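I have placed the structure first, in the form of structure tokens, so that the comments after it can refer back to it.
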Amino acid sequence: MFLADGWRDFEVLDTGDGMKLERWGNYLLARPDPQVIWPKKRPESWAMADAVYMRSSQGGGSWNFRRPLPEKWEITYRDLRFYTRPTGFKHTGLFPEQAANWDWMAGLVKKRPDARILNLFAYTGGATVALLKAGAQVTHVDAAKGMVLWAKDNRQLSGIREDRGRFIIEDAKAFVQRELRRKNTYEGILMDPPSYGRGPSGEVWKLEDELFDLVSSCAGLLSENPLFFLINGYTTGFQPSVLHNILLQAVAPLHEGSIHSQELCLPVTSGGFLPAGTSGRWQAKGAGL
């Protein structure tokens with residue numbers, strides 16, 4: 001597994017009965033997680049939660065705030081700083097399990113200063129900030145204006161110069177096709193696509209229909225001396241071997257390298273691990289030397 005075990009400001013305290021109890025800085029949040037099908041190990045600790053996300057029988061849900069929380073607050077990971085807050089869709093603006101990938105990508109970038117990296121479906125910029133801090137030039141692309149603004153706030157919070165990255169509000173597929181026409185290239189590409197969604201013009205996105213073609217198009221954006229290609233699958237339910245096979249067919253024929261696809265997991269303080277999706281990593285030959 002790829003294990004994100006370097007956190008100090010975040011931890012999964014306990015899991016059980018379809019829920020996870022997490023510490024985000026000084027605040028405790030309880031949120032649903034459909035993969036948690038076992039009972040709680042420390043049920044007494046859940047009474048300390050500052051807020052609980054309750055699902056609705058009509059779909060969606062809402063937060064039950066047991067104590068007042070700030071509108072947003074800061075958490076840190078190594079030398080990175082981020083804003084977090086409970087949102088209406090149970091998320092908090094950050095996926096802590098991705099820290100395992102941040103460390104991997106940042107390690108490669110530090111050996112190639114000013115590497116050009118493309119981050120698609122980039123959300124609030126956790127990976128973007130990690131890569132910028134490592135010295136990369138990052139193009140951050142997301143179709144949601146609010147998420148891009150949040151990512152810019154995270155960049156500023158981490159003390160990164162504005163000229164180190166481009167932040168673009170655009171549909172990922174449209175942006176990739178435009179970059180191909182412009183013959184722009186990147187040393188690293190990462191993506192965390194949703195399983196289903198609609199583009200700015202109402203176009204429907206279904207991951208199982210779109211992912212391979214998108215990865216194949218993106219492979220054409222890799223430079224002659226690339227570093228990595230990362231595919232994340234959080235909501236997809238895809239096995240790691242699915243991402244492995246996509247990288248094997250779309251990227252491996254173009255560049256020498258190795259592929260490692262595994263579960264992403266977080267350690268649980270009360271015991272065990274919390275599965276948090278899968279990642280497929282392609283690393284160019286010699287990139288880690």
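Any read-out appearing in this document is the output of simple, stated calculations on the displayed coordinates, not a laboratory observation. Bear in mind that the values here come from a model prediction, so they are computed numbers and not experimental data. Counting neighbours? That spans all protein chains shown, and the Cβs are built from the backbone with ideal geometry, glycine included.
Peptide packing for 143-155, 114-126 was compared via the average number of neighbouring C-beta atoms within 10 Å per residue; ordered from the highest value, the list is 114-126, 143-155.
Looking at region 94-284 alone, DSSP beta bridges between its own residues are antiparallel in about 50 percent of cases.
The value of relative contact order for the chain, using C-alpha pairs under 8 Å at least six residues apart, is 16 percent. Distance from the C-alpha centroid of region 131-156 to that of region 267-282: 24 Å, rounded to the whole angstrom.
Each peptide in 178-184, 100-106, 165-171 receives the mean, over its residues, of other Cβ atoms within 10 Å, and ordering these scores from highest gives 100-106, 165-171, 178-184. Lysine pair count for region 133-254 (Cα-Cα distance under 21 Å; residues 8 or more apart in sequence or on different chains): 4. Candidate cross-link partners of Lys41 among the aspartates and glutamates, defined by an alpha-carbon separation under 16 Å and a same-chain spacing of 8 or more, comprise Glu11, Asp14, Asp17, Glu22, Asp33.
Extension gain Lys110-Asn225, at 0.36 nm per residue separation less the Cα-Cα distance, in nm?
Values: separation 115, 0.36 × 115 = 41.40 nm, distance 1.51 nm.
Once the chain is fully extended between Lys110 and Asn225, it gains 39.9 nm.
Residue exposure proxy: Cys265, Cys218, ordered by other Cβ atoms within 10 angstrom of their Cβ from fewest to most, comes out as Cys265, Cys218.
Per DSSP helix of 4 or more residues, -39500 (n - 2.57); summed, then divided by the residues of the chain. What does that give at 222 nm, rounded to the nearest 500? Display every interim value, and only then the final one.
Details: 6 runs with 68 residues, N = 289.
Rounded to the nearest 500, the figure is -7000 deg cm²/dmol.
Each of Glu256 and Lys41 was given a label point 7 Å from its Cα along the Cα-to-Cβ line. The distance between the two points is 4.5 nm.
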